[in-house]
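The values are calculated or read from the model by the stated rules, or taken from the named source; none is laboratory data. Predicted model only: the values in this text are computed from it and were never measured. With ideal geometry, Cβ positions are generated from the backbone for all residues, glycine too; neighbour counts draw on all protein chains shown. For accessibility, only protein heavy atoms count, side chains too; no ligands or nucleic acids. Shrake-Rupley method; radii C 1.70, N 1.55, O 1.52, S 1.80 Å.
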Amino acid sequence: MVVNNLYIAELALSGVIIATVVAMMLTFCVRYRSVSTVSRSNRVEKTWHFEIAWTTATLGLFLIIFVWGAQVYAWLYQPPPADEEVYVVGKQWMWKVEHAGGQREINAVHVPVDKTIKVVMASEDVIHSFFVPAFRIKHDVVPGTLETIWFKANKTGTFRLECTQYCGLQHATMQGKIVVMNAPDYARWLTSQGVHESLAEQGAELFRAHGCSGCHNGNSTVHAPSLVGLFGTLVHLQDGSVRLADEAYIRDCILNPRSFTVAGYAPLMPDFAGQLGEDEVLKLTAYIKSLGRKQESVR
Ligand code: HEC
Ligand SMILES: [Cu+2]
């Protein structure tokens, strides 16, 4: 495994260095102890050549580790295209999990084996951290943003999920499990949950209930952008910058619309902070994602 190799290499390198230093220390302690009679003449003067050589050698070694580590980091934090998405909201002191099909669970995440799973995470209160030791993934869940992480489990079983950010009195009990199942078992599990509405459908209802549709579907009096096909495109903002319309962007549009305006529109988007919880925002996001591709004529 990618992370393990790096870890073992670092451990081995540190081991070699510690062993060398300790071995030399012990040898010299014994050899030159005060009662020993070995010759102390013939002292070696330190030379610049030697200093420079060992400094560059160790620097080189550690730079290799650095570049390697940076590569692993980039790999970990750039999710490949996901087969499945799971939405996780951390709150004191539990993990609330929702699947795209609308299935909900608490402190457990059921996923299929050998599939790339993208986890979209939000916090309702304080900083939590989503840690699955067996998968070598850990990511802070910070209030006010959406974080994503991914994994691909290559065997079935149950793995521990922990919160590793001290988040209050019951932090130690904020534990859960990741249940990795084979495809048929997973399909059976999904249907056994008895859900009638997918996340996107629930989002569509919120979209009507909170009046979003009043402005955002074509025939309204307010000039608001169509959200059809918005997801995954680049949005030009009034201040000239460009943002990728991902989960975090949509969240900002809903909860923090005052901080930016879409180019070509008046800043009329109301602020929904305090009215919509993180899981509702995730549902709206799922709905907006489900809206398919934008036709060029809409804008
Ligand atoms: C009063 C009308 C109005 C309502 C209600 C409204 N919006 Fe908006 N929305 C706008 C306008 C105008 C913009 C573009 C200007 C801006 O960014 O402020 C916008 C921008 C957006 C964008 C960014 C679109 C893009 O092309 O990048 C998203 C996403 C969005 N709104 C989602 C929502 C959701 C979800 C709701 C309901 C919870 C909602 N809006 C309710 C008027 C509205
Ligand atoms: Cu926590």
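Remarks
- Output for the stretch 83-111, where each listed residue is touching a strand residue (DSSP E or B) at 6+ places or on another chain (Cβ under 6 Å) and of a type in the set (S, T, N, Q): 107
- The set of residues from the stretch 206-254 being free of Cβ contacts under 8 Å to residues at least 60 places away in the same chain and assigned to a helix (DSSP H, G or I) comprises 208, 209, 213, 214, 215, 216, 249, 250, 252, 253, 254.
- Residue selected from the stretch 234-260 under the condition out of contact with any helix residue (DSSP H, G or I) (no Cβ under 8 Å at 6 or more places or on another chain) and open to solvent by less than 40 Å² (accessible area, probe 1.4 Å), by the criterion farthest from ligand 1 (Cβ to nearest atom): 248
- Failed condition for residue 170, given (1) touching a residue at least 40 places away in the same chain (Cβ under 8 Å); (2) not assigned by TED's automatic domain parsing to the domain that holds residue 135: (2)
- Only residues that are crowded, with 20+ Cβ neighbours inside 10 Å and under 13 Å from the mean Cα position of the chain (by Cα) were counted in the stretch 91-130, giving 9.
Quick grid of which residues meet (1) in contact with a strand residue (DSSP E or B) (Cβ under 6 Å, 6 or more places away or on another chain); (2) open to solvent by 70 Å² or more (accessible area, probe 1.4 Å); (3) more than 27 Å from residue 125 (Cβ to Cβ):
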| site | (1), (2), (3) |
| --- | --- |
| 138 | yes, yes, no |
| 155 | no, yes, yes |
| 175 | yes, yes, no |
| 205 | no, yes, no |
| 217 | no, yes, yes |
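- Flag if residue 170 is surrounded by 15 or more Cβ atoms within 10 Å (Cβ to Cβ) and of a type in the set (S, T, N, Q): no
Residue-by-condition table, conditions (1) in a helix (DSSP H, G or I); (2) among the β-branched types (Val, Ile, Thr); (3) within 11 Å of ligand 2 (Cβ to nearest atom):
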site	(1), (2), (3)
120	no, yes, no
130	no, no, yes
140	no, no, yes
168	no, no, yes
189	yes, no, no
195	no, yes, no
201	yes, no, no
